[in-house]
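Data block below; observations after.
The values are calculated or read from the model by the stated rules, or taken from the named source; none is laboratory data. Keep in mind the model is a prediction, meaning the values are calculated, not measured. Every residue, glycine as well, gets a Cβ built from its backbone with ideal geometry; the counts of neighbours run over all protein chains shown. Heavy atoms of the whole protein, side chains included, go into the accessibility calculation; ligands, DNA and RNA do not. Shrake-Rupley method; radii C 1.70, N 1.55, O 1.52, S 1.80 Å.
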Amino acid sequence: MSSESTIKKFNEHVMQSYGRYPLAMKQGEGRRCTDEDGREYIDFGSGIGTNSLGYCDEKWADAVCAQARTLQHNSNYYYTAVQAEFAEKLCAVSGYDKVFFGNSGAEANECAIKVARKYSFDKYGKGRHNIITLVNSFHGRTIATLSATGQDVFHNYFFPFVEGFINVEANNIADLKAKLDDTVCAVMIEYVQGEGGVNKLDKDFVDAIYELCAPKDILVIADEIQTGVGRTGKFLAGDHYGKKADITTLAKGIAGGLPMGACLVNEKLAGVLTAGTHGSTFGGNPIACAGGLAVLDRIESEGFLDSVCAKAEHFRTRLEKCSEVAGVSGLGLMIGITLKSKKAADVAKAALEKGLLVLTAKDKVRLLPPLTIEVSEIDAGLDLLFEILEE
Ligand SMILES: Cc1ncc(COP(=O)(O)O)c(C=O)c1O
């Protein structure tokens with residue numbers, strides 16, 4: 001099988017909803033993967049932040065395979081030990097009281113939206129259903145999460161969208177104050193807007209959200225789908241701000257590359273979802289939970305998050321020395337690179353030719369490398385990137 005024949009078959013049968021690069025990936029090991037034509041790539045994208053332990057990590061693969069041979073799935077009408085264990089560990093490491101499992105980021109956010117609205121309805125009745133989201137945010141591709149997403153470019157074609165989302169400009173406290181009226185039940189944020197261009201929220205703005213919301217019993221929802229599970233060098237990006245949202249959503253790297261989304265809630269919200277109010281056939285799938293446990297074990301291992309911070313620092317130091325780099329944004333191993341004269345999309349294409357996978361976000365080159373990447377691999381990848389940037 002070559003990339004060409006796979007691409008032909010693919011395009012004949014799969015809907016064309018992505019702007020894909022012309023390569024078919026065959027296998028991976030560690031932080032490198034190989035396409036069907038035998039070309040190798042250093043991966044600075046990790047499947048958009050999903051392969052947190054890199055490709056086919058041995059302990060992760062053993063845990064996943066063992067679960068696949070034991071019980072691959074069962075209905076959520078029954079209990080499974082592996083889901084219980086994953087939930088216990090995830091709540092312990094994140095500091096939350098309870099979790100609902102889905103299969104993706106959008107699903108985790110759908111759950112967060114439902115919890116926020118039901119909490120408000122149960123306590124205050126109708127009319128307090130609005131959720132403030134930020135301009136330039138990204139919360140998913142389902143109709144409700146698209147509606148929540150604060151980018152007009154996504155509000156097309158699929159009318160009517162879900163009502164009840166109000167956008168506030170990121171880092172604009174006056175705008176927030178003006179819109180936080182008694183119709184609002186929650187404010188939903190990404191501490192670092194990922195798809196929106198790897199932009200970190202100002203500490204003052206985050207402080208203001210929490211200070212303004214708490215006295216009005218308005219919930220804070222942290223969408224940590226991209227920032228969570230060690231990506232920024234802390235388990236949650238909220239830890240950098242000293243903040244704990246009422247609801248935190250996780251997905252992407254949480255199960256090391258298996259479909260998993262989690263909506264974590266604090267004690268106040270633990271009883272909001274009652275039998276029959278929410279569900280997902282595959283949510284909390286045992287194999288995904290086994291993968292998630294392997295990820296949490298690694299992240300909790302001694303020195304792991306410190307090493308993420310050290311590697312992030314190494315990336316930044318080297319990137320800032322590059323003559324074509326105008327600025328480096330983000331937090332930890334969530335890195336946005338503003339270029340002086342080159343276009344991010346052209347750089348991503350050129351990187352493929354050189355054997356390097358990078359992502360883009362708006363006009364930036366975006367890096368979300370596996371958390372397990374080694375310094376020698378960072379250097380090898382950056383050498384390739386600088387060949388493009390400095391040519
Ligand atoms: C912050 C954030 N929220 C939600 C999503 C949606 O996640 P998924 O694609 O798993 O539904 C993403 C995906 O990029 C994201 O970055």
Principal axis extents for segment 119-224, Cα atoms only, whole Å, descending order, please. 36, 32, 23
With charges set only on the Cβ (+1 for Lys and Arg, -1 for Asp and Glu), what does the dipole of the chain come to about its Cα centre, in debye to the nearest 20? 760
Share of accessible surface on carbon and sulfur in the chain, whole %, 1.4 Å probe and ligands ignored, is 52
Using a Gaussian network for the chain with springs between C-alpha atoms less than 10 Å apart, which of these wobbles most: Lys114, Lys342, Lys268? Lys268
Could you list the GluC sites (Glu not before Pro) in segment 350-390 that lie in coil according to DSSP, counting only those with at most 15 other Cβ atoms within 10 Å of their Cβ? Glu374, Glu390
Which one of Asn156, Asn130, Asn109 has the biggest mean-square fluctuation once the chain is modelled by GNM with Cα springs under 10 Å? Asn156
Euclidean distance between Cα centres, segment 109-141 to segment 188-234, Å: 15
Under a 10 Å cutoff between Cα atoms, tell me which one of Val99, Val229, Val153 has the largest fluctuation in the Gaussian network model of the chain. Val153
For Asp383, tell me the accessible area in Å² from a 1.4 Å probe, rounded to the nearest 10. 80
Two decimals is fine: what's Rg over Rh for the chain, C-alpha atoms, Kirkwood radius as Rh? 0.96
Under 18 Å from the Ala214 label point (7 Å along Cα→beta-carbon), backbone N, segment 93-132: 96
Modelled FRET efficiency - R0 51 Å, Asp297 with Phe159, Cβ distances, 0.05 increments: 0.65
What is the chain's relative contact order, in percent, from Cα pairs under 8 angstrom and six or more apart in sequence? 23
Rounded to the nearest whole Å², what accessible area per residue is found for segment 71-299 with the 1.4 Å probe? 41
Considering only the other residues whose Cβ falls under 11 Å of the Cβ of Thr227, what net charge follows from Lys and Arg at +1 and Asp and Glu at -1? 0
Can you list the aspartates and glutamates whose alpha carbon is less than 20 Å from that of Lys114, not counting same-chain residues fewer than 8 positions off? Asp97, Asp122, Glu163, Asp181, Asp182, Glu190, Asp217, Asp223, Glu224, Asp246, Glu267
Rounded to one decimal in nm, the spacing of the 7 Å Cα→Cβ label points at Phe121 and Tyr21 is 4.4
Applying a 4.7 angstrom Cβ cut-off across the chain, unpaired cysteine residues come out as Cys33, Cys56, Cys65, Cys91, Cys185, Cys213, Cys289, Cys309, Cys322
Which of the pairs Lys179/Lys243; Lys243/Lys364; Lys179/Lys203; Lys8/Lys343; Lys98/Lys123 have their Cα atoms more than 25 Å apart in this structure? Lys243/Lys364; Lys8/Lys343
Excluding ligands and nucleic acids, what accessible area in Å² is computed for Asp217 using a 1.4 Å probe, to the nearest 10? 20
In this structure, the FRET efficiency calculated for Lys354 and Glu88 from their beta-carbon separation, with R0 = 51 Å, to the nearest 0.05, is 0.70
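Out of segment 26-125, which chymotrypsin sites (Phe, Trp or Tyr not before Pro) are coil in DSSP terms and have no more than 11 other C-beta atoms within 10 Å?
For chymotrypsin sites (Phe, Trp or Tyr not before Pro) across segment 26-125 that sit outside H, G, I, E and B with at most 11 neighbouring Cβ atoms in 10 Å, the list reads Tyr77, Tyr78, Tyr79.
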Residue span Asp37 to Glu390: 0.36 nm per residue of separation minus Cα-Cα distance leaves a gain in nm of 124.3 nm
Grab the eigenvalues of the alpha-carbon gyration tensor for segment 71-299, scale each by 5, take roots, and send me the semi-axes largest first in whole angstrom. 27, 19, 17
For the pair Asp175 and Phe304, the simple spin-label estimate (label points 7 Å beyond Cα toward Cβ) gives in nm 3.7
Spin-label pair Asp152/Lys203, simplified geometry with 7 Å Cα→Cβ offset, distance in nm: 3.5
